[in-house]
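Participant: Pasting a structure below so you can have a look.
The values are calculated or read from the model by the stated rules, or taken from the named source; none is laboratory data. Keep in mind that what you see is a predicted model, and the values were worked out from it rather than measured. A quick note on method: Cβ atoms are made from the backbone with ideal geometry, for glycine too, and the neighbour counts reach across all protein chains shown. Heads up: the accessible areas ignore ligands, DNA and RNA and are worked out on the full protein's heavy atoms, side chains in. Shrake-Rupley method; radii C 1.70, N 1.55, O 1.52, S 1.80 Å.
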Amino acid sequence: MRSLRVVSCLWLILLTATSGVSADVKLPAVIGSNMVLQRGQPLPIWGTADADEAVTVALGEDNAASTKADAKGNWSVKLKPMQADGKSYTLTIKGRNTIELKDILIGEVWICSGQSNMEWSVGASDDPQKEIPAANFAKIRLFQVKKAPAGEPQSDVPIDFGWVACSPQTVGRFSGVAYFFGRELHQKLEVPIGLIHTSWGGTRIEPWTPPAGFKQQEATKYITDILAKADQNYRNYVQANLPRLEAWIAETKKAIAEDKPISPMPGGMPKHQLENSGAPTGLYNGMVHGLVPFAIRGAIWYQGESNRGQGMHYRDLMQALIGGWREVWNQEANRDFPFLFVQLAPYNYGNSPAALPEIWEAQTAVLKTVTNTGMAVTTDIGNVKDIHPRNKQAVGKRLALWALAKTYGNDKLVFSGPLFKEMKVEDGKAVISFDHIGGGLAVRDSKLLTHFEIAGEDKVFVPAKAEIVGDTVIVTSGTVAKPAAVRYGWSHTAEPNLANLEGLPASPFRTDDWK
């Protein structure tokens, strides 16, 4: 424990060195002018000050709360819920100093995260010459987290830019999926929208997951053991460096007291093993934890390419991510907040053609195993030669359909394409039924149905004939007299064409669980 106390003292020295001996009231980056606060929920506001310093927070004229900083200088309050009334508010925080944050709106706030397809900007999406000049939405506010892994949970996030109004000058390098999702919500709900973008291309799901999530799932507890071992190795390394650390800390304290320059930290300082973009919890620690407990409506997620090959275990990892985020946010009125994600688009990975379909299968399974989730299918808007399909407009809109229907209560919307329900065998034919058929099943390109395969008890799949009959698809083959299984779109390059009349594509599926 002595080693940890010394490291804590080290960071306290660094904080004191940069902010002065008497600490002003300070706020995390996510609390700032131009932000959107979540309507209809208690509003956490938090920060740091001197130990025992009195702090008062007021939003407008009749929403205020007071507290005192604890012994470590941390303080927090919860303001009462507010509704989206179209007004612009000022948030005032008073301690020994006063902070005034201007032009604050009340509306809907979403976290937007994942890997490169979430990071993919508006400027790199389809039709940037059209989209960027038209992005005059002063009541959509954008906040972008900077890439920064960390070995331990950080109290704040670094930012590429803080809260800004959406405009042609600000939207170009913001996430395309996030923006098009937010734009759809803004236009349909007619309330301000706050979008917090935190993503990193090429990253796996494990770095985004907090320890609490891994502990929830039996299938991911092995990662909990990895975290414990990494923490112990870090403590051991710190212990070995204690003499040099303690000498530097003593020297730094003296320099601060005498208002003299601080000597650089000695070389070879401890670095946590989890402090990289590929380590479990590393991106949660650096790019998400500092956003908690900012009140949010929900999250959208676009990731999975880097976990290809893990099959159904990706379902376990998604369950850990979603459950972990929900646990750490622990919102009073919204604990199981909506978590909407994108089913990956087809792409020719060059090997293991079934590895991507197995991720599709895992993603689809999350809808059945985790409450309040939604999935946007993208098999019809991909590019098998480009892992970054440019049509982010459709992706954002399909995510917004789930939100509008399930989160905001528009029960008239068809929000999903067909999802496999069951298979029956009748007279040598496989009869496939679906959920979410909308106004009826349809062929997306008006051609014959494609990418259906069928197998008998020999488990050998052959191309099949498929046709829509009422609300079902009948699948047959002259070489399979007794069907045992059907697969649809079961290849990483498949761009199948079954949809509903509303134009939303069916998700790939298989009826078997054969290896």
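Participant: Are there strands (runs of 3 or more DSSP E) fully within the stretch 458-515 with at least 3 residues that are open to solvent by less than 40 Å² (accessible area, probe 1.4 Å) and either within 24 Å of Ala376 (Cα to Cα) or in contact with an Asp or Glu (Cβ under 7 Å, 6 or more places away or on another chain) (or both)? List them.
Facilitator: In the stretch 458-515, 472-476, 485-488, 498-500 are the strands (runs of 3 or more DSSP E) which contain 3 or more residues that are open to solvent by less than 40 Å² (accessible area, probe 1.4 Å) and either within 24 Å of Ala376 (Cα to Cα) or in contact with an Asp or Glu (Cβ under 7 Å, 6 or more places away or on another chain) (or both).
Participant: Something else: Sort through Ala345, Ala320, Ala362, Ala299 and tell me the only one that's touching a Pro at 6+ places or on another chain (Cβ under 6 Å), under 30 Å from Lys421 (Cβ atoms) and crowded, with 17+ Cβ neighbours inside 10 Å.
Facilitator: Ala345
Participant: Can you work out which of the residues in the stretch 414-452 that are of a type in the set (Ser, Thr, Tyr), outside any strand (DSSP E or B) and within 16 Å of Ala466 (Cβ to Cβ) is farthest from the chain's Cα centre (by Cα)?
Facilitator: If we take residues in the stretch 414-452 being of a type in the set (Ser, Thr, Tyr), outside any strand (DSSP E or B) and within 16 Å of Ala466 (Cβ to Cβ), then Ser446 is farthest from the chain's Cα centre (by Cα).
Participant: Now, a different point. Would you check which residues across the stretch 27-64 are among the small types (Gly, Ala, Ser) and assigned to a strand (DSSP E or B) and list them?
Facilitator: Residues satisfying the conditions are Gly47, Ala54, Ala58, Ala64.
Participant: Enumerate the pairs (first residue in the stretch 215-229 and closer than 18 Å to Tyr314 by Cβ and in contact (Cβ under 8 Å) with a residue 24 or more places away in the chain; second residue anywhere and acidic (Asp, Glu) and in a helix (DSSP H, G or I)) with beta-carbon separation below 8 Å, excluding pairs fewer than 6 apart on the same chain, so at least 6 apart or on different chains.
Facilitator: That search, which allows pairs on different chains as well, returns Gln216/Glu327; Gln217/Asp316; Ala219/Asp316; Thr220/Asp316; Ile223/Glu206.
Participant: Which numbered condition in (1) farther than 29 Å from Ala279 by Cβ; (2) touching a helix residue (DSSP H, G or I) at 6+ places or on another chain (Cβ under 8 Å) is the only one that Lys385 fails?
Facilitator: Single failed check for Lys385: (2).
Participant: Against the definition (under 15 Å from the mean Cα position of the chain (by Cα) and either of a type in the set (Gly, Ala, Ser) or buried (at least 24 other Cβ atoms within 10 Å of the Cβ) (or both)), how does Ala178 come out, yes or no?
Facilitator: Yes; evaluated as a whole, the condition is true for this residue.
Participant: Count, please, the residues in the stretch 113-151 that happen to be part of a strand (DSSP E or B), in contact with an Asp or Glu (Cβ under 8 Å, 6 or more places away or on another chain) and open to solvent by 10 Å² or more (accessible area, probe 1.4 Å).
Facilitator: 1
Participant: Now for a different question. Out of curiosity, is Tyr237 assigned to a helix (DSSP H, G or I), among the aromatic types (Phe, Trp, Tyr) and more than 20 Å from the chain's Cα centre (by Cα)?
Facilitator: Answer is yes for this residue.
Participant: Suppose we filter the stretch 232-277 for residues that are crowded, with 17+ Cβ neighbours inside 10 Å and acidic (Asp, Glu); how many remain?
Facilitator: Qualifying residue count, the stretch 232-277: 1.
Participant: So the check is Cβ under 6 Å with 6+ separation or different chains; which pairs have a first residue in the stretch 328-341 that's over 13 Å from Leu291 (Cβ atoms) and a second one that's aromatic (Phe, Trp, Tyr)?
Facilitator: Leu340/Trp402; Phe341/Trp301
Participant: Another question, if that's okay. Can you tell me which condition Ser263 does not meet? The list is (1) of a type in the set (Ser, Thr, Tyr); (2) closer than 30 Å to Ile322 by Cβ; (3) free of Cβ contacts under 8 Å to residues at least 24 places away in the same chain, and all the others hold.
Facilitator: That leaves (2) as the condition not met.
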